[in-house]
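Reviewing the structure listed below.
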């Protein structure tokens, strides 16, 4: 158990609860003491209760927040690539395997979603290539 990290981050939607680990707790069990909460949306670090955070606590939380934001950004772009794959698989399904009833059930929703996406992409592309001025 000596290879445990000093901190544990219980991830939640907008950040994490931060625990300091004590691997030499009572009865040789790992003790987890909540020391703070971290919000990656606004960068806020709040000490838990009346405790004061040490500079090394704050540094460790800031490193985790930076790493977490990078992880979430990588997952987001991966999700987009998966969406492209799903669009291709959906096209293949519609062409080769879908029944008339299945197509009737999803066509309007797919066409509206693709129309909306196309509009956003065309507008963003025009903004990127428009001359500044």
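The values are calculated or read from the model by the stated rules, or taken from the named source; none is laboratory data. Quick caveat: nothing in here was measured; it's all calculated off a predicted structure. A quick note on method: Cβ atoms are made from the backbone with ideal geometry, for glycine too, and the neighbour counts reach across all protein chains shown.
Tally up the residues in region 1-13 that are in contact with a strand residue (DSSP E or B) (Cβ under 8 Å, 6 or more places away or on another chain) and modelled with pLDDT under 95, please. Lay out the reasoning, then the answer.
Taking region 1-13 as the starting set, the residues that turn out to be in contact with a strand residue (DSSP E or B) (Cβ under 8 Å, 6 or more places away or on another chain) are 4-10.
The next check asks that each one be modelled with pLDDT under 95; those that pass are 4-6.
Of the residues in that region, 3 qualify.
Filter region 25-71 down to the residues that are outside any helix (DSSP H, G or I), loosely packed, with under 11 Cβ neighbours inside 10 Å and at negative phi and list them by number.
In the first step, residues of region 25-71 are kept if they are outside any helix (DSSP H, G or I); the result is 25, 29-54.
Then keep just the ones that are loosely packed, with under 11 Cβ neighbours inside 10 Å; that gives 41-42, 49-50, 52.
Listed by number, the residues that qualify are 41, 42, 50, 52.
On the basis of being farther than 30 Å from residue 8 by Cα and assigned to a helix (DSSP H, G or I), does residue 102 make the cut?
Working: farther than 30 Å from residue 8 by Cα: yes; assigned to a helix (DSSP H, G or I): yes.
For residue 102, the condition - farther than 30 Å from residue 8 by Cα and assigned to a helix (DSSP H, G or I) - is met.
Looking at 105, 113, 101 in this structure, which one is outside the structural domain of residue 12 (by TED's automatic domain parsing), exposed (fewer than 10 other Cβ atoms within 10 Å of the Cβ) and over 30 Å from residue 16 (Cα atoms)? Quick ask: steps written out before the conclusion?
Working: 105 fails: exposed (fewer than 10 other Cβ atoms within 10 Å of the Cβ); 113 fails: exposed (fewer than 10 other Cβ atoms within 10 Å of the Cβ).
Of the residues listed, the single one that is outside the structural domain of residue 12 (by TED's automatic domain parsing), exposed (fewer than 10 other Cβ atoms within 10 Å of the Cβ) and over 30 Å from residue 16 (Cα atoms) is 101.
Run down 18, 63 and say which single residue is closer than 30 Å to residue 5 by Cβ and in contact with a helix residue (DSSP H, G or I) (Cβ under 7 Å, 6 or more places away or on another chain). I'd like the intermediate steps shown before the answer.
Working: 63 fails: in contact with a helix residue (DSSP H, G or I) (Cβ under 7 Å, 6 or more places away or on another chain).
Of the residues listed, the single one that is closer than 30 Å to residue 5 by Cβ and in contact with a helix residue (DSSP H, G or I) (Cβ under 7 Å, 6 or more places away or on another chain) is 18.
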